[in-house]
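These notes are about the structure you will find just below.
The values are calculated or read from the model by the stated rules, or taken from the named source; none is laboratory data. The structure presented is a predicted model; accordingly, all values stated were derived computationally and were not measured. Cβ placement follows ideal geometry from the backbone for every residue including glycine, while neighbour counts extend to all protein chains displayed. Side chains are part of the model used for accessible areas, which takes the heavy atoms of the whole protein and leaves out ligands, DNA and RNA. Shrake-Rupley method; radii C 1.70, N 1.55, O 1.52, S 1.80 Å.
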Amino acid sequence: MSELLERIESGVAWLTLNRPERRNAMSRPMLAALVSALTRLAADDDVRVVVLTGAGGAFCAGGDVKRMAETAEAEAAKSSERRATELRQVMEASRWLHEMGKPTIAALPGPAAGAGLSLALACDMRIAARTAVMTTAFAKVALSGDFGGSWFLTQLVGPAKARELYFTAELLDMTAAEKLGLVNRVVDAEALEAETRMIAETLARGPALTYAAIKRNMNLAQAGTLSEVMDLEAIQHTRCSESADHREAAQAFVEKRAPRFIGR
């Protein structure tokens, strides 16, 4: 069975990490499939939103530590440069989730640990089951972290708290995660898919061109200066004002009806 499941419904692409026997711990085939799917979906105009979730009641346990132990000798035979290059290639999954011009949502039915947490944090929004937990986990297996987690966590909670969470690998329940701003919504486990679907399909009916512009503005805001952000805002806002979706929204406002967006 494929280690990454994909389905597209109502403009929403659902990607499911599918190694439930390992709590969806990462494998090279899974990650290669994920990078390939995200690259393709980013260019698919029929897909307006991407949801990433996990099978079997977990989101993603991160790296497959058991597999790491089993392949340690073979991996040690490779040069450090080769191993770093191979890792960096699959880490592109995080960049696509963060940078693609469409809203991305992580739906967390259960644990998100290590690089699994990094993938969740790479998404624009996180919807979590009340029973889910989060942890950086890396320090517990003497690793420093990958898939952009140190950057995403620092952006979300600030440098001091991010360092604490990396050093201690504290296990966060959803009450603590929500308080820190790591999740957008917490729902009962049985309501997770329906809640995620409602949010995703609402966004899929929205102005796709505008969402892409908003996302570019927000991403620059995390690293750019105020002047750089305002320059980009001026360009993006002007382009959006020239779009068919803006004209439709203005007409719908006058006619007191819901707009029908086409993504252009």
Practice prompt. Run R197 past the list (1) among the basic types (K, R); (2) buried (at least 16 other Cβ atoms within 10 Å of the Cβ); (3) farther than 28 Å from D46 by Cα and report the number of the one that doesn't hold.
Written response: (3)
Worksheet entry | Unmet requirement for R163, which otherwise passes all of (1) open to solvent by 60 Å² or more (accessible area, probe 1.4 Å); (2) basic (K, R); (3) closer than 26 Å to E92 by Cα; (4) in contact with a strand residue (DSSP E or B) (Cβ under 9 Å, 6 or more places away or on another chain) | (4)
Worksheet entry | All positions within region 200-220 that are open to solvent by 60 Å² or more (accessible area, probe 1.4 Å) and over 17 Å from the mean Cα position of the chain (by Cα) | T202, R205, L209
Worksheet entry | Per-region count, region 125-154, residues farther than 15 Å from A113 by Cα, surrounded by fewer than 16 Cβ atoms within 10 Å (Cβ to Cβ) and out of contact with any strand residue (DSSP E or B) (no Cβ under 7 Å at 6 or more places or on another chain) | 0
Item to complete: Restricting attention to helices (runs of 4 or more DSSP H) lying wholly within region 150-246, give those where 2 or more residues are in contact (Cβ under 8 Å) with a residue 40 or more places away in the chain.
Response: 174-180, 192-204, 208-221
Worksheet item: Do we find that M30 is closer than 30 Å to Y211 by Cβ, assigned to a helix (DSSP H, G or I) and not acidic (D, E) in this structure?
Response: yes
Worksheet item: In region 1-34, what residues are touching a Phe, Trp or Tyr at 6+ places or on another chain (Cβ under 9 Å) and either charged (D, E, K, R) or surrounded by fewer than 19 Cβ atoms within 10 Å (Cβ to Cβ) (or both)?
Response: L5, E6, R7, I8, R23
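Within region 247-264, restricting attention to residues that are open to solvent by 90 Å² or more (accessible area, probe 1.4 Å) and in a helix (DSSP H, G or I), which residue is farthest from I214 (Cα to Cα)? Walk me through how you get there before you give the answer.
If we filter region 247-264 for residues that are open to solvent by 90 Å² or more (accessible area, probe 1.4 Å), which is where we start, we get 247, 253-256, 260, 264.
Of the ones still in play, those that are also in a helix (DSSP H, G or I) are 247, 253-255.
On the way: R247: 18, F253: 21, V254: 24, E255: 26 Å.
Step by step, filter region 247-264, then rank; the result is E255.
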Fill in: Any pair with Cβ under 8 angstrom, 6 or more apart, that starts in region 11-24 at a residue that is under 18 Å from R48 (Cβ atoms) and in a loop (DSSP other than H, G, I, E, B) and ends at one that is acidic (D, E) and open to solvent by 20 Å² or more (accessible area, probe 1.4 Å)
G11/D46; G11/E201
Worksheet entry | Residues located in region 221-246, provided they are of a type in the set (S, T, Y) and exposed (fewer than 12 other Cβ atoms within 10 Å of the Cβ) | T225, S227, T238, S241
Discussion item. Need pairs with beta-carbon distance below 8 Å; first residue in contact (Cβ under 8 Å) with a residue 40 or more places away in the chain and part of a helix (DSSP H, G or I) and within region 43-66, second of a type in the set (K, R) and open to solvent by 10 Å² or more (accessible area, probe 1.4 Å); sequence gap 6+ or separate chains.
Written reply: K66/R22
